[in-house]
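Structure record follows, encoded as structure tokens.
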Amino acid sequence: MEGKFYNIDQVAEILGMHHKTIRKFIAEGKLGASKVGKQWRISSQDLNAFMEQKVSADNKQVEADEEIKISANETNSRVIRPKINVSTVIEVNELGKEQYMRISNTLIAVMNSKDPSLGNSTINMKYNEREDRLKIMLWGTMKFTEEMLSIISLLTDCLNEGGKS
């Protein structure tokens, strides 16, 4: 029975890489692929072999809840563990400028803590003074996002208890 085949964009999405990086891996022979017409196709076996090499080379560990399964069939299945990133937007309404400053300073301090678990995570904030609204954009691991949402929840709860400045 033939295994599943992926195109370059699907593999890029699975691996969290740019499609040009996938093309480079194919050109360098690091990732097995077959040309079908003008399109490259990557078999699940080639993708799994590449992932095993990549994981061995990087020696990275990812939590079990981030597992996905790519399989040709039930007898020939392998579990790969990709890195998962999450993006989210939080909108905080009815927030005075002084409250905004407290929240933003605290969140910036957390980001500047240089905690290795933050990885390449990012935070962007935009405050609309006219509408008393703060938008916080987060991008990073699930753990980072969970921790930041917890901090934001705690900060906004404390501010709500103290009233609007």
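Of note:
Residue-by-condition table, conditions (1) in contact with an Asp or Glu (Cβ under 6 Å, 6 or more places away or on another chain); (2) in contact (Cβ under 8 Å) with a residue 40 or more places away in the chain; (3) not hydrophobic (A, V, I, L, M, F, W, C):
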site	(1), (2), (3)
93	no, yes, yes
105	no, no, yes
116	no, no, yes
122	no, no, yes
132	yes, no, yes
142	no, yes, no
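- Selection within region 82-97 - in a strand (DSSP E or B) and loosely packed, with under 14 Cβ neighbours inside 10 Å: 87, 88, 89, 91
- Selection count where residues are closer than 14 Å to residue 50 by Cβ and in a helix (DSSP H, G or I), scope region 1-28: 13
- Residue in region 29-48 that is farthest from the chain's Cα centre (by Cα), counting only those that are farther than 24 Å from residue 85 by Cβ and not in a strand (DSSP E or B): 37
- Filtered residues of region 98-123 (kept if among the charged types (D, E, K, R), modelled with pLDDT of 80 or more and surrounded by 12 or more Cβ atoms within 10 Å (Cβ to Cβ)): 102
The values are calculated or read from the model by the stated rules, or taken from the named source; none is laboratory data. Here the structure is a predicted model, which is why all the values come from computation and not from measurement. We place every Cβ from the backbone using ideal geometry, glycine too, and count neighbours over all the protein chains shown.
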